[in-house]
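Student: Pasting a structure below so you can have a look.
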Amino acid sequence: MSSEHVAPNYHPLPVVLERADGVWVTDVDGRRYMDCLAGYSALNFGHGHPELLAVAHEQMGRMTLTSRAFQHDQLDGFCTELAALCGMDMVLPMNTGAEAVESAIKVARRWGYQVKGVAPGTANIIVAEGNFHGRTTTIVGFSTDPVARDGFGPFAPGFRLVPFGDAAAMRAAIDESTVAVLIEPIQGEAGVLMPPAGYLRDVRAACTENRVLFIADEIQSGLGRTGATFACEHEGVQPDVYVLGKALGGGIVPVSAVVSSAEILGVLTPGTHGSTFGGNPLACAVGRQVVRMLATGIYQERARVLGERLHERLAALLGHGVDEVRGIGLWAGVDIDTQLATGRQVCERLLQHGVLAKDTHGSTIRLAPPIVAEAEEIDWAVEQLAGVLEEIAAERVTQPA
């Protein structure tokens, strides 16, 4: 299919998809593939989940958009129910993950000036090397990925980079003008990098001691993916601010949110922030159903159990074309032996075997199948990966010297 009119900011695999259902997608030639990327966790509940589609169809027949200049009947319910799921007071609804991160940055700075008493224009936020919080100019300004950053400056000041997982470095970077620490509990784009045990607890303690906001970007890691509602829960940690997105829209509509206390989000007043589509009726209706589904705990437990199965089977590939496996729940970063193939080459072969996955940073592939996958489908996907690695290894052996 021609792409001459599509801006070349993506390098997709050579497949053109047409339909999807559950964990499976179908291309224009009728071939089916198991989706092991799940829209970077936007499709935690799979493609076309019947409960989500029913709510979306019903709301689309009633009302899809009003300006926030008016109230609508889904907004309060969405914010109330999402706040309860998060153990928080208040919700700022937005659309995309990057919008929510930008919003959290604005809120943290304003809180710092109005509540903490930081001198005007001096607020700083501590972030982690290897981060991925979106692609706006503010956010890529504190990225350490040259592909995301180079050629887009000048960048906004006010951010301090420290190594991910290094609690001592993070603590040392805090000063009287620090208003927040912004981190992903698990770095997804970096290759599903897990922090050392106790890291999130150390971050929480340092933020509490220094009156600094702990902002957890759970856009990819949250809402069931790791076997808990939020990845922070694995260390028994409650941040001051959750940044959510992706799965909050059920794979149907962009929905994101900043969720926090009334003290923190209460610094916003009419005119200080806004969004034309943020908190629209369709988004709120779908988001409410996502919250209802997560409130049962069924999906979190399913991700936990299936995740154990996924990681057990991936571990068997260590030394057989795989150098390392990281992750938790239905989320894995798989480092391919660089002497064997690149991540891209493995993903291209997986495509031929009926599996969709995504490479990152050269040698890593990410696996994040929808939580609605069956155990047998998880097994099958790993079998395809094993088969691909065996194929490539056999080809290397038979190649002439």
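Student: Restricting to the range 147-168, count the residues that are within 20 Å of the chain's Cα centre (by Cα), of a type in the set (Gly, Ala, Ser) and not in a loop (DSSP other than H, G, I, E, B).
Tutor: 1
Student: What number of residues within the range 373-397 are outside any helix (DSSP H, G or I) and crowded, with 19+ Cβ neighbours inside 10 Å?
Tutor: 1
Student: Looking at the range 116-146, which of the residues that are open to solvent by 50 Å² or more (accessible area, probe 1.4 Å) and closer than 22 Å to ASN210 by Cα is nearest to the chain's Cα centre (by Cα)?
Tutor: Checking each candidate, the answer is GLU129.
Student: Identify all residues within the range 226-252 that are open to solvent by less than 30 Å² (accessible area, probe 1.4 Å) and more than 28 Å from TYR199 (Cβ to Cβ); write none if there are none.
Tutor: Of everything in the range 226-252, those that are open to solvent by less than 30 Å² (accessible area, probe 1.4 Å) and more than 28 Å from TYR199 (Cβ to Cβ) turn out to be GLY249, GLY250.
Student: Quick check on the range 9-57: of everything there that is among the charged types (D, E, K, R) and under 22 Å from the mean Cα position of the chain (by Cα), which residue is surrounded by the most Cβ atoms within 10 Å (Cβ to Cβ)?
Tutor: ASP35
Student: If I ask for residues that are touching a helix residue (DSSP H, G or I) at 6+ places or on another chain (Cβ under 7 Å), in contact (Cβ under 8 Å) with a residue 60 or more places away in the chain and surrounded by fewer than 21 Cβ atoms within 10 Å (Cβ to Cβ), which ones from the range 86-100 would you list?
Tutor: Answer for the range 86-100, where residues must be touching a helix residue (DSSP H, G or I) at 6+ places or on another chain (Cβ under 7 Å), in contact (Cβ under 8 Å) with a residue 60 or more places away in the chain and surrounded by fewer than 21 Cβ atoms within 10 Å (Cβ to Cβ): ASP89, MET90.
Student: Select, from VAL115, VAL127, the only residue that is assigned to a strand (DSSP E or B) and at pLDDT 95 or above.
Tutor: After applying the criteria, what remains is VAL127.
Student: Scan LEU193, LEU223, LEU161 and give me the residue that is in contact (Cβ under 8 Å) with a residue 24 or more places away in the chain, over 24 Å from THR122 (Cβ atoms) and open to solvent by 40 Å² or more (accessible area, probe 1.4 Å).
Tutor: Going through LEU193, LEU223, LEU161 in turn, just one is in contact (Cβ under 8 Å) with a residue 24 or more places away in the chain, over 24 Å from THR122 (Cβ atoms) and open to solvent by 40 Å² or more (accessible area, probe 1.4 Å): LEU193.
For (1) under 18 Å from VAL253 (Cα atoms); (2) among the aliphatic types (A, V, I, L, M), each residue gets a yes or a no:
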position: GLY46; (1), (2): yes, no
position: LEU53; (1), (2): yes, yes
position: ARG62; (1), (2): yes, no
position: ALA69; (1), (2): no, yes
position: HIS72; (1), (2): yes, no
position: THR80; (1), (2): no, no
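The values are calculated or read from the model by the stated rules, or taken from the named source; none is laboratory data. All figures in this text were calculated on a predicted structure; none of them were measured in a lab. Don't worry about glycine lacking a Cβ; one is built from the backbone with ideal geometry, like all the others, and counts go over all protein chains shown. Calculation scope for accessible area: heavy atoms of the full protein, side chains included, ligands and nucleic acids excluded. Shrake-Rupley method; radii C 1.70, N 1.55, O 1.52, S 1.80 Å.
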